[in-house]
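Working notes, beginning with the structure itself.
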Amino acid sequence: MFASPVSRAAPAAIRADLWVGAVLLLFTLVVRGAWFGDANADTDEQLYSLIGNAMLDGKIVFVDLWDRKPFGLFALYALAHAIGGPGPEAYQGLAAAFTLAGAWLTFVLARDLTDRGTATAAGLLYVVLTAIYGAFSGNSEAFFIPMMLAMAVLVRDPAHPYAALRILSAMLIGGLALQVKYTVLPQCLFFGLWALWGEHKRGAGLGRLALLAAASGVLGVLPTALVAAGYALAGYWDAFIFANFVSFFDRLPASAGRLHKDIILFLLPLGGLALFGLNAARRAAPAPLSQTYIFVLLWLAAALATVFLPSTVYRYYLAALVPACILLSLPLFPPKPGARLNLPVLIPAALYLALMPFQYSLTRDNRAATGRLASAIAPKIDAAAGRCLFVFDGPTALYRMTGSCLPTRFIYPDHLNNTLEQNALGTSQVGEVARILATRPPVIVTADHPVTPQNREAKRLVAAAIARDYREIAHETLATREIRAFALRE
């Protein structure tokens with residue numbers, strides 16, 4: 001008996017998918033490997049790592065250590081450190097696994113719009129562009145974007161025989177994503193509305209739609225509700241509500257507004273991909289755009305809402321636009337008959353790989369400089385005696401690297417030096433800085449070039465204390481900033 005063409009095709013497709021997965025895995029490791037082990041690769045993740053490690057020691061986020069990100073993000077970091085140890089490799093490895101998943105899901109979505117080779121290239125572009133747009137190490141975008149891709153894969157096809165089950169699964173994933181970053185809400189709402197529209201098109205009655213909408217809402221809210229209930233039962237309801245919701249609105253907006261020149265500059269490449277791709281799609285087919293393409297176009301609108309929901313927008317937020325922009329750009333690269341690879345799509349990846357030696361060199365120097373700072377500071381610290389390092393501006397990772405205790409629950413430097421946070425902590429910025437300085441910390445770390453507008457009074461208090469009681473013991477260049485460590489005079 002000879003195998004049928006269908007039975008022969010299935011193993012062939014599986015083998016092809018395995019090859020695609022292997023290529024994406026290798027590419028992910030090469031691109032992201034430059035930052036593995038760099039404790040100062042990016043800024044926010046250093047706080048998430050510090051809190052994740054502290055959670056393993058019994059500390060309670062929002063109570064013992066403060067931030068406004070959802071509990072789930074810190075739980076991811078705690079999980080990473082529980083498995084991989086206290087160093088940055090733990091969360092960077094987990095973020096790389098999420099990135100690989102995102103690349104694979106981009107490939108899956110792209111197969112609805114193009115051939116396998118071009119879809120593979122779309123997955124490679126996902127790895128490159130998320131790195132370029134800031135999700136190269138361990139920030140929240142590295143984790144929630146693949147979760148949005150998973151929702152997209154599950155709800156994109158309203159005619160799927162298991163559409164209802166896939167919708168409920170997607171809404172639960174969306175609920176988990178909300179516990180990574182609340183600003184994914186517009187995308188979750190879009191996926192839910194698209195799913196309900198699909199059920200309506202399939203002939204679902206009003207009662208079934210209402211039941212499905214209610215179940216979806218419950219699943220979407222469930223993770224946050226469980227976390228909130230845990231805090232309420234532990235007696236920390238007020239701390240949870242303030243950190244997660246109230247402080248978001250108390251934070252002052254940046255004077256530049258949401259759409260400033262830096263954001264516009266970084267929007268242009270992604271916007272160009274999407275707009276030129278849309279134009280190519282309209283030119284290529286006189287028929288209406290495919291349902292999947294329209295789905296991705298609407299998804300991009302929801303992703304834009306995610307980016308611009310906060311009052312202050314940073315350029316790494318734009319990473320949320322990467323998957324939809326890649327998928328919309330695919331009509332720019334129509335596959336050639338018989339070609340195994342779509343070379344034009346691979347050009348950005350090739351250019352990025354050409355820059356990798358420079359990136360590896362840069363991160364090597366960054367790791368060495370951060371290590372020298374930690375080595376200079378560590379002998380001055382006495383955690384057992386409560387003599388804690390105070391990083392007023394600089395790498396949060398220095399607390400772990402020096403074995404220091406923590407001088408405040410507002411341990412992220414930006415919370416005490418950024419003037420936009422002055423009304424959003426539930427306490428006085430200047431008062432907390434004055435309290436820390438009154439303990440005469442053995443080492444104070446500052447930076448010559450602030451990345452945010454700083455509280456002038458807090459900065460003046462630190463400068464006065466350094467001038468009066470401290471001497472410089474270390475000075476290193478980290479990226480574009482000069483970081484200085486000052487030790488208390490004996």
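A few notes on this one:
- Members of the stretch 441-490 that are polar (S, T, N, Q) and more than 23 Å from residue 419 (Cα to Cα): 477
- Those strands (runs of 3 or more DSSP E) lying entirely in the stretch 423-490 with at least 1 residues among the hydroxyl-bearing types (Ser, Thr, Tyr), under 15 Å from residue 373 (Cβ atoms) and in contact with a strand residue (DSSP E or B) (Cβ under 9 Å, 6 or more places away or on another chain): 443-447, 470-478
- In the set 399, 317, only one residue is out of contact with any Leu (no Cβ under 8 Å at 6 or more places or on another chain), part of a helix (DSSP H, G or I) and at pLDDT 95 or above; that residue is 317.
- Selection of the stretch 326-346 for residues being at pLDDT below 75, of a type in the set (A, V, I, L, M, F, W, C) and outside any loop (DSSP other than H, G, I, E, B) yields 343, 345, 346.
Quick grid of which residues meet (1) in a helix (DSSP H, G or I); (2) assigned by TED's automatic domain parsing to the domain that holds residue 92; (3) among the β-branched types (Val, Ile, Thr); (4) in contact with a helix residue (DSSP H, G or I) (Cβ under 7 Å, 6 or more places away or on another chain):
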| site | (1), (2), (3), (4) |
| --- | --- |
| 12 | yes, no, no, no |
| 23 | yes, yes, yes, yes |
| 26 | yes, yes, no, no |
| 32 | yes, yes, no, yes |
| 37 | no, yes, no, yes |
| 47 | yes, yes, no, no |
| 51 | yes, yes, yes, yes |
| 55 | yes, yes, no, yes |
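- Pairs with Cβ under 9 Å, 6+ apart, first in the stretch 163-176 and more than 14 Å from residue 148 (Cβ to Cβ), second hydroxyl-bearing (Ser, Thr, Tyr) and in a helix (DSSP H, G or I): 167/216; 168/216
- Taking every residue in the stretch 401-429 that is at positive phi and pairing it with any residue that is outside any helix (DSSP H, G or I), at least 6 positions away or on another chain, the pairs with Cβ-Cβ distances below 7 Å are 403/381.
- On inspection, residue 170 passes the criterion of being assigned to a helix (DSSP H, G or I), of a type in the set (A, V, I, L, M, F, W, C) and crowded, with 22+ Cβ neighbours inside 10 Å.
- Condition check for residue 216: of a type in the set (S, T, N, Q) and more than 29 Å from residue 415 (Cα to Cα): yes
- Candidates 107, 136: the one that is closer than 16 Å to residue 316 by Cβ, buried (at least 20 other Cβ atoms within 10 Å of the Cβ) and touching a residue at least 24 places away in the same chain (Cβ under 8 Å) is 136.
- Looking only at the stretch 457-490, and only at residues there that are of a type in the set (Ser, Thr, Tyr) and over 15 Å from residue 380 (Cα atoms), the one that is surrounded by the most Cβ atoms within 10 Å (Cβ to Cβ): 477
- Across the stretch 240-257, the number of residues qualifying as surrounded by fewer than 18 Cβ atoms within 10 Å (Cβ to Cβ) and under 22 Å from residue 455 (Cβ atoms) comes to 10.
- When the stretch 179-208 is filtered for residues that are over 24 Å from residue 301 (Cα atoms) and surrounded by 14 or more Cβ atoms within 10 Å (Cβ to Cβ), the ones remaining, listed by number, are 204, 208.
The values are calculated or read from the model by the stated rules, or taken from the named source; none is laboratory data. None of the values given here were measured: they were computed from a predicted structure. Ideal geometry is used to build each Cβ from the backbone, glycine not excepted, and the neighbour counts take in all protein chains shown.
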